[in-house]
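**Student:** Before we start, here is the structure in question, set down as C-alpha cells.
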Amino acid sequence: MVAQRLVEAMRDRDAAGEWRITVLAEEPRAPYDRVALTSYFSGRDPEDLALGTPELWADPLVRLVRGDAVTAIDREARTVTSTSGRVEHYDHLVLATGSKAAMPPIEGNDLPGVFVYRTVDDVAELRGWVEEQRERWSRPVRGAVIGGGLLGLEAAGALQALGAQSTVVQFGTHLMSAQIDLGGGEALRRLINSLGVGVRLNTATTRMRTNRRGTVGRLDFADGGRLDVDVVVVATGVTPRDELGRAAGLEVGPRGGVVVDDACRTADPFVSAAGEVACIQGACIGLVAPGYAMAEIVVDRLLGGAATFPGADTATKLKLSGVDVASFGDAFAVTPGALEIVWADPVGGVYKKLVLSDDARTLLGGVLVGDASAYASLRPMLGRELPGDPGQYLLPEGGGGGGATLELPDDAAVCSCNNVTAGTVRGAVTEHGCTDLGAVKACTRAGTSCGSCLPLVKKLVTAELEKSGITVSKALCEHFDLSRAQLYDAVRVTQLRSFTDVLARFGTRPGARGCDICKPVVASILSTTAPGHVLEGERATLQDTNDHVMANLQKDGSYSVVPRIAGGEVTPEGLLVIGQVAKDFGLYTKITGGQRIDMFGARIDQLPAIWKRLVDAGMESGHAYGKSLRTVKSCVGSTWCRFGVQDSVALAVQLELRYRGLRSPHKIKLGVSGCARECAEARGKDVGVIATDKGWNVYVGGNGGFTPRHAQLLAEDLDTETLVRTIDRFLMYYVRTADRLQRTAPWMEDVEGGLEGVRAVIMDDALGIAADLDAQMALHVDSYEDEWAATLADPEKLRRFASFVNAPATPDPSLAYVAERGQARPATAEEKNGYDDGRTGAVLVAGTTLEVRS
C-alpha cells in the first residue's frame, strides 16, 4: 500500500518526469488494500481490493514487476538482485517491504489448519480450508483466533462470514488492549459476544494438538482449559520485514525495523524506508496513515523538498460489521493531569470516553465503543479546545440528544490516511466545483482509504453546498443515492422483500454489500412493507446489536428482559409470574418509566428459558430493544380517579396492542391521560392523548431525553375511532418519511409544512395518501406476531442464544455479582479482582442463578 502511494504521489508531483520508478513486488498481484482484507470474505474478489488505477501502472515512467522478490542489496554498486536473478540499478532505493505476521512459539503452530491473517493468499487459503472442513463435517466448523487485537477481531469476523463458529483467545485482560481501556474493552467484549463470537480473556495458549487426521484439533491453555477446533488463525501482531536492510548493513532498531530519520532516510543517503519496515522516531508503526505520510515525505525529498515526519496519528477504528469501536489520541489518559469524561449507556451497549487537559478544555484523546459516530468529528479536534461543555459531545444522536456540532478549523486533519484537512475539503466545493461526495473524494482523496472519515467529509461538503445555495443530496449512504424516505417509497412500490433485491435494484454499485447505515434502515423499511420475523434469513444479518438477540445488552455483558405490560395494566397473576421468573433466574428487577418491569442480569443462554416461562404464561416481547413502539403510559383514568373524564387505561391498552412491534426510524412512546391534570405526562411523548369532556385531544412530536420537547396539539375532541385513525396515519406518515434515527420532534421540524403540513396530510388527506396509510397500518396489525414466541418455536433461531459458540452449554464465567439491597448487581472491577490493599470482594461468580434473597 505504501509503495503504491509513493508511486502515485511521485507521478502526481513529478511533472518534469525526473524519476522513473520500478516496483519489485514479492506477491504475484498489483498492490492491494490490506485494510479491507475482511471484505474478501463477504463476496469481494482480490481485484476489488486493487490499489492504483490502470493508468498509473501503464504510465511509461512506472514499471511494476510482480512475483519477483528482492533477495539482496549491494549498496556499493547501488543494485538489487531478485529471486529470478534480475539485477536492477538504482539512483535511490526505497524499502517499503512492510511487515509479516508474528507467530508465537507455541507447540503445534505449524500444523495444517493454522493460519495467519496478512495477505490475500493467507485469507484465500483460510477460506479454502474452512470450506473444506464444512464439507467434511455435519456440524458447524469450529474456529479460534489467537489474539484479541484489531486484526484478531477482524479475523474472527471473517470466520463468522464464512459460516464458522469462532472464539477469540486473548492473553490480556481485555480486547483491543493496545487501543482502548478496560471499560471500553468490557463493552467491546459484550458486542463481540452478541455477534456470536466467543471470547476467552486472560488466556495463554500453550499447545496446539492434532486430531486423528494430523490437522489442528485442539488448543490447550495455561489455566488447564482446552478448546476443540478445526481451524486456528494466529493474529498476535506483526514484525517488520527488515531482513534486506539487516543483510545490507543498515542500522536496525532494537525491536526491528530499518532506522530512518524524520526525512525517512537511512544512514545511507541513497536508501530510504517507508511504512511498517521503517523504525522512525524510535518505533515501527503498523498503521496505514503514517505509512502514507512517509511515502509523501520520501517523494517530497526526492523532488528537492524539505518535508519531515510530523509524528504518527495512531487513531484506529474497527471495521467488523455490527461493531462500532474507535480510539484516538491519548486514549489511556497518560498525559500528566489529564481528565477523563465517561458516558455509558448500559441499555444501548455504549461506552464513550473523552480525555481532556487538566483544565477540561483541550481534547487529548478518546475511546468510543458501541457508537463511534462522533469519531470523525472529534478526531480532527485533537490538541484543540472544544467549545462548550465537553460532555455534550458524548451524547447520542437522535432521541432529542442530537450531539454537539463542531465547526472545524481549516487546518484540522479530516482524513489522516491521505492527510486531507477540513480546508481542503471545503476548497474542493468552493474552488473546484465539486457538488457531491464522490467528486470531493476524487478531488481530495479524502475517505478513499479506510473510509472512517466519510461521515465528517459528507457533513463538511453538505455545509459548504448549503452555504452556496446548492441543493444538497440526501442520499442515505454511499450504497444508495436515495434518502431514507425515497428508498422507503421505492421499496414499497416495487414490493421488494429482501435487502439483496433492494441493493440490486436501487444500489449505486453492483456487487456492493451495504454498510452499517443502510442495512438496519432497509431492515426497518422491510418490516413495515413486507412484514417478517426479525431473525428470519437474511434479515437477521441486517439488525442492530440488540435486535440480534431481541434483548438489551447491559454494561456487564448480560441482558435485560422486558415483557409487555400494555398500558401499565398488569394482573396479580402476571406480577407473580414475573416475580417467580426473576427469583428463579436471580434477576435484578426494576420498575421502568414506561410502567413495566425490567429484569436485568440474564445470560444470553438463559434468554430462551426465561422467555419460555413468560410466553407460556401469556406474556410477549415488550420490544425494549427495537427502534419501534416501546410503551403507552397511562393514568388510572375515569375508572378509579375521581378527576378522570375518560377511560385512559382502556385506550392505552388498545393503542399499545395495536402498535406493538411497529418498526420505525427511532423508538416511539405514547401516553394517555384521563384528564387535563396530565398524570401520564402524555405531552412528553411522541404521541400524547389527553381526555376531554367531549372526547380526546391528540398531541404529537414530544419527547424527553437530553432535549425535552412538549408535543404540539394536532386535533381536539376526537371520538375514539377518529382518534385511532389519526394516530395510525401520523405514525405511518412518520415511518415513511423520517430520516434514520430521527424522532418525531425533529421530524416535525423537517417535514414539509411542519405541524400544519402534517395536519393537512393526516386530517384533510392533502396528499391523497390517507387510504394508503390506513391500509399499511392494517397490514401491520394483521401480520403482527410475537417475536419471542415465534423464536421459541424455531430451533434454528434458538441456536444463536449461546454464550460460547464452541461450547453452547457453558455459561459465561466472567459474569460476577454482589448482593445489594436484596438483589444482585454487577460486581465492580475491584470486587472481581481484589482491592489494592489485598482485600477481596464478596462476589457471586457463576452467573445470577444463585439465589441472593433469603
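**Student:** Can you name every residue in the range 682-702 that is within 32 Å of the chain's Cα centre (by Cα) and either within 16 Å of Val653 (Cβ to Cβ) or open to solvent by 10 Å² or more (accessible area, probe 1.4 Å) (or both)?
**Tutor:** Selection gives Gly684, Lys685, Val687.
**Student:** Looking at (1) buried (at least 22 other Cβ atoms within 10 Å of the Cβ); (2) under 36 Å from the mean Cα position of the chain (by Cα); (3) modelled with pLDDT under 95, which is the one condition that is false for Leu655?
**Tutor:** (3)
**Student:** Kindly establish whether Val522 is in contact with an Asp or Glu (Cβ under 8 Å, 6 or more places away or on another chain), assigned to a helix (DSSP H, G or I), of a type outside the set (Phe, Trp, Tyr) and buried (at least 22 other Cβ atoms within 10 Å of the Cβ).
**Tutor:** Against the criterion (in contact with an Asp or Glu (Cβ under 8 Å, 6 or more places away or on another chain), assigned to a helix (DSSP H, G or I), of a type outside the set (Phe, Trp, Tyr) and buried (at least 22 other Cβ atoms within 10 Å of the Cβ)), Val522 does not qualify.
**Student:** Then there is this: Kindly check whether there is at least one residue in the range 679-701 that is closer than 24 Å to Tyr488 by Cα and touching a Leu at 6+ places or on another chain (Cβ under 6 Å).
**Tutor:** Checking the range 679-701: at least one residue is closer than 24 Å to Tyr488 by Cα and touching a Leu at 6+ places or on another chain (Cβ under 6 Å).
**Student:** Name the single residue, out of those in the range 234-246 being in a loop (DSSP other than H, G, I, E, B) and not acidic (Asp, Glu), that is farthest from Val114 (Cα to Cα). Please lay out each step first, then the result.
**Tutor:** The first filter runs over the range 234-246 and keeps only residues in a loop (DSSP other than H, G, I, E, B), leaving 235-237, 241-242.
The next check asks that each one be not acidic (Asp, Glu); those that pass are 235-237, 241.
Numbers: Ala235: 11, Thr236: 13, Gly237: 15, Arg241: 21 Å.
Looking at residues that are in a loop (DSSP other than H, G, I, E, B) and not acidic (Asp, Glu), I get Arg241.
**Student:** What single numbered condition from (1) open to solvent by 20 Å² or more (accessible area, probe 1.4 Å); (2) in contact with an Asp or Glu (Cβ under 6 Å, 6 or more places away or on another chain); (3) at pLDDT below 85 fails to hold for Gly337?
**Tutor:** Looking at each condition in turn, Gly337 falls short on (3).
**Student:** Further question on the same structure: Being closer than 22 Å to Ala680 by Cβ and in contact with a helix residue (DSSP H, G or I) (Cβ under 6 Å, 6 or more places away or on another chain) is the filter here; which residues of the range 601-632 pass it?
**Tutor:** Scanning the range 601-632 gives Leu629, Val632.
**Student:** State the number of residues belonging to the range 594-651 that are acidic (Asp, Glu), open to solvent by less than 50 Å² (accessible area, probe 1.4 Å) and in a loop (DSSP other than H, G, I, E, B).
**Tutor:** Going through the range 594-651 one residue at a time, the tally reaches 1.
**Student:** Tell me, which residue of the range 494-519 that is aliphatic (A, V, I, L, M) and under 17 Å from Asp481 (Cα atoms) is most open to solvent (accessible area, probe 1.4 Å)?
**Tutor:** Taking the candidates together, the pick is Ala504.
**Student:** Select, from Thr53, Thr38, the only residue that is loosely packed, with under 15 Cβ neighbours inside 10 Å, β-branched (Val, Ile, Thr), at pLDDT below 85 and out of contact with any Ser or Thr (no Cβ under 6 Å at 6 or more places or on another chain).
**Tutor:** So the residue among Thr53, Thr38 that is loosely packed, with under 15 Cβ neighbours inside 10 Å, β-branched (Val, Ile, Thr), at pLDDT below 85 and out of contact with any Ser or Thr (no Cβ under 6 Å at 6 or more places or on another chain) is Thr53.
**Student:** Same structure again: Select from the range 160-181 the residues that are within 19 Å of Leu219 (Cα to Cα) and either open to solvent by less than 10 Å² (accessible area, probe 1.4 Å) or in contact with a His (Cβ under 6 Å, 6 or more places away or on another chain) (or both) and list them in ascending order.
**Tutor:** Ala164, Ser166, Thr167, Val168, Val169
**Student:** Please give the number of the condition Val570 fails out of (1) aliphatic (A, V, I, L, M); (2) part of a helix (DSSP H, G or I); (3) farther than 30 Å from Leu526 by Cα.
**Tutor:** Condition (2) is where Val570 drops out.
**Student:** On the basis of being open to solvent by 10 Å² or more (accessible area, probe 1.4 Å), farther than 24 Å from Pro104 by Cα, in contact with a helix residue (DSSP H, G or I) (Cβ under 8 Å, 6 or more places away or on another chain) and in a loop (DSSP other than H, G, I, E, B), does Gly249 make the cut?
**Tutor:** no
**Student:** Which of (1) open to solvent by 50 Å² or more (accessible area, probe 1.4 Å); (2) out of contact with any Pro (no Cβ under 7 Å at 6 or more places or on another chain); (3) not acidic (Asp, Glu) is the odd one out, the single condition Pro104 does not satisfy?
**Tutor:** With (1) open to solvent by 50 Å² or more (accessible area, probe 1.4 Å); (2) out of contact with any Pro (no Cβ under 7 Å at 6 or more places or on another chain); (3) not acidic (Asp, Glu) applied to Pro104, the lone miss is (1).
**Student:** Being open to solvent by less than 40 Å² (accessible area, probe 1.4 Å) and farther than 15 Å from Ala187 by Cβ is true for just one of Ser357, Ser327. Which residue is that?
**Tutor:** Exactly one residue qualifies, and that residue is Ser357.
**Student:** Which residues, taken from the range 714-759, are part of a strand (DSSP E or B) and either open to solvent by 60 Å² or more (accessible area, probe 1.4 Å) or of a type in the set (Phe, Trp, Tyr) (or both)?
**Tutor:** Glu716, Asp717
**Student:** Within the range 676-711, track down each residue that is farther than 17 Å from Val724 by Cα and of a type in the set (S, T, N, Q).
**Tutor:** Asn703, Thr707
**Student:** Could you list, in sequence order, the residues of the range 118-166 that are outside any loop (DSSP other than H, G, I, E, B), of a type in the set (D, E, K, R) and touching a residue at least 40 places away in the same chain (Cβ under 8 Å)? Talk me through it step by step, then tell me what you get.
**Tutor:** Restricting attention to the range 118-166, the residues satisfying the condition of being outside any loop (DSSP other than H, G, I, E, B) are 120-136, 142-146, 150-161, 165-166.
Subsequent filtering for residues that are of a type in the set (D, E, K, R) retains 121-122, 125, 127, 131-132, 134-136, 142, 154.
Listed by number, the residues that qualify are Asp121, Arg127, Arg142, Glu154.
**Student:** Let me spell it out: the conditions are (1) in contact with a Ser or Thr (Cβ under 9 Å, 6 or more places away or on another chain); (2) open to solvent by 20 Å² or more (accessible area, probe 1.4 Å); (3) under 30 Å from Val70 (Cα atoms); (4) in contact (Cβ under 8 Å) with a residue 60 or more places away in the chain, and Val258 meets all of them except one. Which number is the exception?
**Tutor:** (2)
**Student:** For the range 1-35, give me the residue count where each residue is surrounded by fewer than 19 Cβ atoms within 10 Å (Cβ to Cβ) and hydroxyl-bearing (Ser, Thr, Tyr).
**Tutor:** 1
**Student:** Then there is this: Report every pair of residues separated by at least 6 positions or lying on different chains whose Cβ atoms are under 7 Å apart, first residue within the range 487-508 and among the basic types (Lys, Arg), second surrounded by 16 or more Cβ atoms within 10 Å (Cβ to Cβ).
**Tutor:** From the range 487-508, the pairs are Arg492/Thr529; Arg497/Leu526; Arg497/Ala530; Arg505/Leu496.
**Student:** Still on this structure, please answer the following. Does the range 304-317 contain at least one residue that is modelled with pLDDT of 90 or more and closer than 15 Å to Val94 by Cα?
**Tutor:** Taking every residue of the range 304-317 in turn, none turns out to be modelled with pLDDT of 90 or more and closer than 15 Å to Val94 by Cα.
**Student:** Could you check how many residues of the range 421-452 are in a loop (DSSP other than H, G, I, E, B) and open to solvent by 40 Å² or more (accessible area, probe 1.4 Å)? Can you show your working first?
**Tutor:** Restricting attention to the range 421-452, the residues satisfying the condition of being in a loop (DSSP other than H, G, I, E, B) are 431-436, 445-452.
Keeping just the survivors that are open to solvent by 40 Å² or more (accessible area, probe 1.4 Å) gives 431-433, 435-436, 445, 448, 450.
Counting residues in the range 421-452 that are in a loop (DSSP other than H, G, I, E, B) and open to solvent by 40 Å² or more (accessible area, probe 1.4 Å) gives 8.
**Student:** When you check Asp782 against the structure, is it part of a loop (DSSP other than H, G, I, E, B), under 24 Å from Leu662 (Cβ atoms) and free of Cβ contacts under 8 Å to residues at least 40 places away in the same chain, yes or no?
**Tutor:** Values: part of a loop (DSSP other than H, G, I, E, B): no; under 24 Å from Leu662 (Cβ atoms): yes; free of Cβ contacts under 8 Å to residues at least 40 places away in the same chain: yes.
Taking the combined requirement at face value, the residue does not satisfy it.
**Student:** Identify all residues within the range 564-608 that are in contact with a Phe, Trp or Tyr (Cβ under 9 Å, 6 or more places away or on another chain), in contact (Cβ under 8 Å) with a residue 12 or more places away in the chain, on the phi < 0 side of the Ramachandran plot and of a type outside the set (Phe, Trp, Tyr); write none if there are none.
**Tutor:** Those that are in contact with a Phe, Trp or Tyr (Cβ under 9 Å, 6 or more places away or on another chain), in contact (Cβ under 8 Å) with a residue 12 or more places away in the chain, on the phi < 0 side of the Ramachandran plot and of a type outside the set (Phe, Trp, Tyr): Ala582, Leu587, Thr589, Asp598, Met599, Ala602, Arg603, Ile604, Asp605, Gln606, Leu607, Pro608.
**Student:** To continue, here is another question. Determine the pairs where a residue that is on the phi > 0 side of the Ramachandran plot, located within the range 225-249, has a partner that is of a type in the set (Lys, Arg) with Cβ atoms under 8 Å apart, the partner being 6 or more residues away or on another chain.
**Tutor:** Cβ pairs passing all conditions: Gly249/Arg75.
**Student:** Among the candidates Gly185, Gly217, Gly157, Gly152, which residue alone is small (Gly, Ala, Ser), at pLDDT 90 or above and open to solvent by less than 20 Å² (accessible area, probe 1.4 Å)?
**Tutor:** Gly217
**Student:** Restricting attention to the range 405-420, report how many residues are surrounded by fewer than 20 Cβ atoms within 10 Å (Cβ to Cβ) and touching a residue at least 40 places away in the same chain (Cβ under 8 Å).
**Tutor:** Residues meeting the conditions: 1.
The values are calculated or read from the model by the stated rules, or taken from the named source; none is laboratory data. Here the structure is a predicted model, which is why all the values come from computation and not from measurement. Backbone-built Cβ (ideal geometry, glycine too); neighbour counts: all protein chains shown. When the accessible area is computed, the model is the full protein with side chains, heavy atoms only, and any ligands, DNA or RNA have been set aside. Shrake-Rupley method; radii C 1.70, N 1.55, O 1.52, S 1.80 Å.
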